[in-house]
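What follows is a set of notes on a single structure, which appears directly below.
The values are calculated or read from the model by the stated rules, or taken from the named source; none is laboratory data. Note that the structure is a prediction, hence the values are computed from the model and not measured. Positions of Cβ are generated from backbone atoms using ideal geometry, with glycine treated the same way; all protein chains shown enter the neighbour counts.
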Amino acid sequence: MTATFTLYPYNPTGCSHYPSSSLSFFPSKTIGRFGNRETGSWRFVVQSTHSNPIILKPNRRSRYGQALSPYDSDEDGDEMEEDDDDNEEEDDWLSDDDFAEIADIDGKERKDKSQKGFKKRKGKEKVQENSWGIRSFHSEQSTKMVKTENMGSLKVNSKGKLTARKLKEDKYPRLSEEIDLDEKWCPLLDYLSTFGLKESHFVQMYERHMPCLQINVCSAQERLEYLMNIGVKHRDVRRILLRQPQILEYTVENNLKSHVAFLMDLGIPDSRIGHIISSAPSLFSYSVENSLKPTVRYLIEEVGIKKGDLGKVVQLSPQILVQRIDISWNTRYIFLTKELGAPRDSIVKMVTKHPQLLHYSIDDGLLPRINFLRSIGMRNSEILKVLTSLTQVLSLSLEENLKPKYMYLVNELHNEVQSLTKYPMYLSLSLDQRIRPRHRFLVSLKKAPKGPFPLSSFVPTDEYFCHQWAGTSLDKYLAFRQRLLLKDFAKKYERKV
């Protein structure tokens, strides 16, 4: 619907040129400061063909500083936000390096309420400044009727805004205190709450990336539903949004689909796409062409990972796509070469089997574990053999994993440390769930061999162990293990008490 408005300085002689049905006169007491209270003079006459009363706001601008239509609407704000959001070209945000750069959305808060066109008059309620009521008629009505209805409209409008503000503060009291909460954000907050997000989470998201809360709720719903349709679990959405709230701004067509297609091209099966996104949601902030593909080329050409192994490598460590791979590879390659004399092929095998190696700190992760293996009597060549075969050793806790297993190996199983070079898998097995129960079970059956206990008995499945080593049923072994676990738990609990 179109509307035409013309403003003329009031002129008694000029009024005779217009039909009375098109004219509305506004005295000062109706519209605030447009008239002169003492003289009762009139300043403006408004002609309108619009069928609904609306509020005219001169020089109105959005929160992004863009000029808006001067006519107030309950929907134009949301439509503007959706349009701005959907027209972004995500890949243009990113530089040629491997770091994500957040979209530069110039969304500055307008905390000063005076910018919204309101002033508080002394001793009286707030009245909209520099505005006047507009009323059009298809039949003749008196100026007095216009005054009365217009005042009623302003009262209803003011009451509605106060009610909306109260509902906002009642529903999100903490958020209203922490930030300048716009009631237009409430539909989005209500929707995100269905994923378990609370007010404290919204504060985190706001501090991390404020424009994410200004997204149109329909756009946000479209994007999150797309992610869940490709395998992201509902319970993981909260964690994704807290880590990468910018994901609400990434459009399905221009960003999400292209990144998913990139992952599938690496050989990652559909069933694992959701896991990759949940583990590394920041990959959507990296350009496919300028960042992700160059990282893959570096892994193949410089590191030496086989193209057929890329899908497995990314599944094991999705973060490998979003780190400075050149720096992490070079520093760890140089360290392992100097520290253990490791050849390049051995290091490539380590990265292929356990790409998390590229994330581990050298001083706090790699070096302490290598020094521990040295301290129990292993030579560099033996350490290299263990690490090449079972690189996960570098991820195990020293105090809660490696040291207790070594003590059990020597004191209970009566084995030499060199046996680990033949069965490094021993270090990755659970001491409570597998090593101790199987050893004690064979001892109880008097089937434990004399001398060093065979580490090979810990490798097969429970069924094979019972058939090959224990010569008994699986149920009997499982019952024994359960009793042993309860007994060990009781001892630990007594120590804590």
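Quick rundown of the values:
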{"quantity": "Residue 443 vs. criteria farther than 20 Å from residue 340 by Cβ and in the same structural domain as residue 474 (by TED's automatic domain parsing)", "calculated": "yes"}
{"quantity": "Whichever residue in segment 171-187 is crowded, with 16+ Cβ neighbours inside 10 Å and within 13 Å of residue 206 (Cα to Cα) and, among such residues, is farthest from the chain's Cα centre (by Cα)", "calculated": "176"}
{"quantity": "Hits in segment 343-366 - residues which are over 20 Å from residue 300 (Cα atoms) and of a type in the set (A, V, I, L, M, F, W, C)", "calculated": "362, 366"}
{"quantity": "Whichever residue in segment 389-404 is buried (at least 17 other Cβ atoms within 10 Å of the Cβ) and of a type in the set (A, V, I, L, M, F, W, C) and, among such residues, is farthest from residue 417 (Cα to Cα)", "calculated": "394"}
{"quantity": "Which numbered condition residue 295 fails, given (1) over 18 Å from the mean Cα position of the chain (by Cα); (2) free of Cβ contacts under 8 Å to residues at least 60 places away in the same chain; (3) in a helix (DSSP H, G or I)", "calculated": "(2)"}
{"quantity": "Residues of segment 460-482 classified as of a type in the set (D, E, K, R) and within 20 Å of residue 429 (Cα to Cα), total", "calculated": "3"}
{"quantity": "Entirely in segment 401-478, the helices (runs of 4 or more DSSP H) that have 1 or more residues that are over 29 Å from residue 383 (Cα atoms)", "calculated": "436-444, 462-465"}
{"quantity": "Flag if residue 497 is at pLDDT 95 or above, of a type in the set (A, V, I, L, M, F, W, C) and out of contact with any Lys or Arg (no Cβ under 8 Å at 6 or more places or on another chain)", "calculated": "no"}
{"quantity": "Residue satisfying all of: in segment 238-252; closer than 18 Å to residue 206 by Cβ and of a type in the set (A, V, I, L, M, F, W, C); farthest from the chain's Cα centre (by Cα) among these", "calculated": "248"}
{"quantity": "Residue selected from segment 253-277 under the condition acidic (Asp, Glu) and more than 20 Å from the chain's Cα centre (by Cα), by the criterion nearest to residue 223 (Cα to Cα)", "calculated": "270"}
{"quantity": "Residue among 267, 274, 304, 308 that is touching a residue at least 12 places away in the same chain (Cβ under 8 Å), closer than 24 Å to residue 226 by Cβ and surrounded by fewer than 17 Cβ atoms within 10 Å (Cβ to Cβ)", "calculated": "267"}
{"quantity": "All positions within segment 403-434 that are of a type in the set (A, V, I, L, M, F, W, C) and either on the phi > 0 side of the Ramachandran plot or over 38 Å from the mean Cα position of the chain (by Cα) (or both)", "calculated": "407, 409, 410, 413, 417, 420"}
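Let's see how each residue does on (1) within 23 Å of residue 311 (Cβ to Cβ); (2) crowded, with 18+ Cβ neighbours inside 10 Å; (3) among the aromatic types (Phe, Trp, Tyr); (4) modelled with pLDDT of 95 or more:
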| site | (1), (2), (3), (4) |
| --- | --- |
| 332 | yes, yes, no, yes |
| 335 | no, no, yes, yes |
| 338 | no, no, no, yes |
| 354 | yes, yes, no, yes |
| 375 | no, no, no, yes |
| 384 | no, yes, no, yes |
| 387 | no, yes, no, yes |
